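The structure under discussion appears below in the form of structure tokens.
The values are calculated or read from the model by the stated rules, or taken from the named source; none is laboratory data. This is a predicted model, so every value here is computed, not measured. No Cβ is skipped: glycine too gets one built from the backbone with ideal geometry, and neighbour counts run over all protein chains shown. All accessible areas refer to the heavy atoms of the entire protein, side chains included, with ligands and DNA or RNA removed. Shrake-Rupley method; radii C 1.70, N 1.55, O 1.52, S 1.80 Å.
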Amino acid sequence: MAFSMAGGGVSRPQINVTPLIDVLLTLIIMFMLVVSMDPEYGEKAQIPQPPKQDAKSEPIVERTVVIQVIWTAKEQAPKIKINDENVDWWNLEERLAGIYLKRAEKIAFVRADSDVDFQSVATVIDAAHHAGVQRLGLLTNSQQLATD
């Protein structure tokens, strides 16, 4: 409601913003509640754990598969190693498919030299997914697994 003062002329209509502010504050509170109830805030990380030290000396079965992308020279394709065994680029997907054919855990790790183009790393990741790897982790040169 607007009131006019004496001699002020005709009063013009004005919007009452109080109900609009009430609606705005209610919406802000509702959004805050909805966001706080979301159980997934971030990504879950699976970090390789060192093996437990047992008194028994059982033969160690290679459970962890590390695919290394090693820089050779400029204008040359990098070398590929699976658990320190050289593999050709054209044979990579077949070798990984053979490794993961009977495994229940379909997890692999990729370690690349810092000079390697990411396109080569992406090609290795794509080949691993085509071979049946479900989870892939990226390792830096400073990270060492228990089998290294």
Practice problem: Examine the range 125-139 for a residue that is at pLDDT below 90, under 26 Å from K74 (Cβ atoms) and either among the small types (G, A, S) or not in a helix (DSSP H, G or I) (or both), and state whether such a residue exists. | Solution: yes
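For the range 65-84, give me each residue that is in a strand (DSSP E or B), open to solvent by 30 Å² or more (accessible area, probe 1.4 Å) and among the hydrophobic types (A, V, I, L, M, F, W, C).
Of everything in the range 65-84, just one residue is in a strand (DSSP E or B), open to solvent by 30 Å² or more (accessible area, probe 1.4 Å) and among the hydrophobic types (A, V, I, L, M, F, W, C), namely I70.
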Self-check item: Contacts under 7 angstrom Cβ, first residue in the range 105-117 being assigned to a loop (DSSP other than H, G, I, E, B), partner crowded, with 18+ Cβ neighbours inside 10 Å, 6 or more apart
Solution: K106/Y100; K106/V133; D113/V69; V116/V69; V116/P78
Quiz item: Would you pick out the residues in the range 85-104 that are in a loop (DSSP other than H, G, I, E, B) and surrounded by 12 or more Cβ atoms within 10 Å (Cβ to Cβ)?
Solution: R103
